[in-house]
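Asker: Encoded as structure tokens, here's the structure I'll be asking about.
Nothing in this text is a laboratory measurement; each read-out follows from the coordinates by a stated rule. Here the structure is a predicted model, which means the values were calculated and not measured. All Cβ positions, even for glycine, are placed from backbone atoms using ideal geometry, and neighbour counts span all protein chains on display.
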């Protein structure tokens, strides 16, 4: 008996050592792979400070001389020649009118997502609590809208939006609320169905109106789902290209993806200096947000994928 | 209680319902209607019955491009589904071993997913073309370089996403089952074959269908990376519909008919997925 325990203890420690050893190798391998994985973004960052002519010719080097073959002096001179500070940024910002595009994207994303969260959570609660044919129909239509690709409605939607003068950052919120309602209502209803009705009944007996009941009792319980839906819809709206391109009055308002795409269209060929700088400016806010809200973003994406 | 809530219809239901009609329902219904019309705007239309659907597949300037786009998209979808799922699964297996740095690696792999398709495509366009220029080529030199360029961009973008789902699935496998299999002397491949993969079936279904619909509906990357070049031979379905609609005067009706067909294809995929998922829940 004691021998057996000893033996198993030993084999356990052996396997623990082996696992640790393997783990160390895996860590090393994955450190290299994940660095390579994000290297395209790092390359763009470095090249955004280089002169136009040096970007496209060789984006992978920082000097046209080799440190080993040509010596340190030549090499460092090559670096000086290739880099010229933030000129790409001033150029890119000016060409794309970047800050206005950034403001436009931010405005549309924040208020569209806010509208979706507020109205769709209310609607979802109503749909679950009021059992009628029209609420059921609305729910089914929401499910249905989730499988319809945007190309199906792009022509008619953009023309309707145009006729109703929704082609501005405020009007497009209505379009996003309508097209984003499917997913939001679906996710919120899924959650409301799991809340027990007794709490709400108690609140109503205590004299709460439905509005008070919803905002003071129901909405606080829904918080995790609100975060999930907020992340999913924000990722969609912020990165969306075709919908704002077709709906917005493009001469007046551009979102970031539209501004990036225009950097190519207006010149035929691409000014890679300006492009690198604008790409960096477009990516950095996302990376910063990701660093701070990583936990929520990954959980949100996961919840959305499994339910959707 | 239900009665009291019901009175609040204008507040709780109406705003969403109105926006839903404007943003989805009316454009959808009218889109179906217009697919049977010859039209230039929503007010200027003439009923032509099934003409658009027939024109879509009969001889004309556009039909070769469309048929090409159909199988080009199918092939693209199959290739990306395989690559994304296999690589994402492999990474997820390693990142559930509990090795040091797991969180950091997961962060890095997931990052590209947050960046939009247009922005990502220009990152890669620079890389592709600066390498290819050494051989006097560009990414759109042939439909096949464009194809693999798109595959790389889309895989890079989506592998992190699917990896997250696979990691969650693998972590949900009960530890006792793995222990039991180990005690029974199962080898590493046997574990994978008889424990991990079967228990991950629901996760695999989700990821397969997500990548399937993503591949089918791909637009932004296609527009930014290749724009359909060369000669519209790297157009995927979504871009083909867009070009028919906005690039060819007089073909709006055919474009809308293509969009309806496109919708039916995507809907069919969604229904098949639903059937598989629910049948598993029953069984």
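Asker: Hey, can you rank A:92-98, A:163-169 by average C-beta count inside 10 Å, highest first?
Answerer: The densest-packed peptide leads the list: A:92-98, A:163-169.
Asker: Another question, then. Sorting check: for A:286-298, B:249-261, which peptide has the highest mean count of neighbouring beta carbons within 10 Å, and how do the rest follow?
Answerer: B:249-261, A:286-298
Asker: Springs between alpha-carbon atoms under 10 Å, Gaussian network over chain B: tell me which of B:21, B:266, B:153 tops the mean-square fluctuations.
Answerer: In this elastic network of chain B, the residue with the biggest mean-square fluctuation among B:21, B:266, B:153 is B:21.
Asker: Let me ask another. I want to verify a result. In a Gaussian network model of chain A, Cα cutoff 10 Å, which of these has the top mean-square fluctuation: A:32, A:128, A:280?
Answerer: The residue that fluctuates most here is A:32.
Asker: Sort A:270-277, A:229-236 by the packing proxy (mean of other Cβ within 10 Å over each peptide's residues), most packed first.
Answerer: A:270-277, A:229-236
Asker: Once every DSSP H run of n ≥ 4 in chain A is given -39500 (n - 2.57) and the sum is divided by its residues, what mean residue ellipticity at 222 nm do you get, rounded to the nearest 500 deg cm²/dmol?
Answerer: It comes out at -26000 deg cm²/dmol, rounded to the nearest 500.
Asker: Further question: As an exercise, find the ratio Rg/Rh for the range A:227-297 from alpha-carbon atoms, using the Kirkwood inverse-distance average for Rh.
Answerer: Expressed as Rg/Rh, it is 1.04.
Asker: How big is chain B by the Kirkwood estimate over distinct Cα pairs, in Å?
Answerer: Roughly 22.1 Å, rounded to one decimal.
Asker: When only Cα pairs under 8 Å and 6 or more residues apart are kept, what is the percent relative contact order across the range A:156-267?
Answerer: 40 percent
Asker: How well do other chains shield peptide A:137-146, expressed as the mean number of their Cβ atoms within 10 Å of each residue Cβ?
Answerer: For this peptide, the per-residue mean of nearby foreign Cβ atoms is 3.
Asker: Normalising by the residue count of chain B, find the relative contact order in percent from Cα pairs under 8 Å and 6+ residues apart.
Answerer: 28 percent
Asker: For the range A:89-307, rounded, prolate or oblate, judged on the Cα gyration tensor with a ≥ b ≥ c (square roots of eigenvalues), a/c < 1.5 rounded, else prolate if a/b > b/c?
Answerer: In terms of gyration-tensor shape, prolate.
Asker: Given the options A:106, A:67, A:41, which has the most mean-square fluctuation in a GNM of chain A, springs set between C-alpha atoms less than 10 angstrom apart?
Answerer: Between A:106, A:67, A:41, it is A:67 that shows the largest mean-square fluctuation.
Asker: Against the longest alpha carbon principal axis of chain B, how many degrees, from 0 to 90 and to the nearest 10, is the axis of helix B:63-95 turned?
Answerer: 20 degrees
Asker: Return the calculated 222 nm mean residue ellipticity for chain B, to the nearest 500 deg cm²/dmol, obtained by summing -39500 (n - 2.57) across DSSP H runs with n ≥ 4 and dividing by the residue count.
Answerer: -22000 deg cm²/dmol
Asker: Could I ask something else about it? Only Cα pairs under 8 Å and at least 6 apart count here; give the relative contact order of the range A:89-307 as a rounded whole percent.
Answerer: Relative contact order, the range A:89-307: 35 percent.
Asker: Continuing with the same structure: Taking each residue of A:30-43 in turn, how many C-beta atoms of other protein chains fall within 10 Å of its C-beta, and what is the average?
Answerer: 5
Asker: Averaged over peptide B:126-133, how many Cβ atoms belonging to another chain are found within 10 Å of each residue's Cβ?
Answerer: Neighbouring Cβ atoms belonging to other protein chains average 5 per residue here.
Asker: Now for a separate question. Rounded to the nearest 10 degrees, what's the angle between the helix B:237-247 long axis and the longest principal axis of chain B, both from Cα atoms, 0 to 90?
Answerer: Roughly 20 degrees, rounded to the nearest 10.
Asker: Still on this model: I need the calculated FRET efficiency for the pair residue A:206 and residue B:267, taking r as the beta carbon distance and R₀ as 30 Å, to the nearest 0.05.
Answerer: 0.05
Asker: Compute the acute angle (0 to 90°) between the alpha-carbon long axis of helix B:117-132 and the principal axis of greatest extent of the alpha-carbon atoms of chain B; round to the nearest 10°.
Answerer: Once rounded, one gets 80 degrees.
Asker: Between the range A:159-233 and the range B:51-79, what's the alpha-carbon centroid distance in Å?
Answerer: 40 Å
Asker: Classify the protein assembly as shown from the C-alpha gyration tensor, please: rounded if a/c falls under 1.5, else prolate or oblate depending on whether a/b exceeds b/c.
Answerer: oblate
Asker: Would you compute, for the Cα atoms of the range B:121-161, the largest minus smallest coordinate along each principal axis and list the three values in descending order, in whole Å?
Answerer: Ordered largest first, the range B:121-161 gives principal extents of 35, 18, 12 Å.
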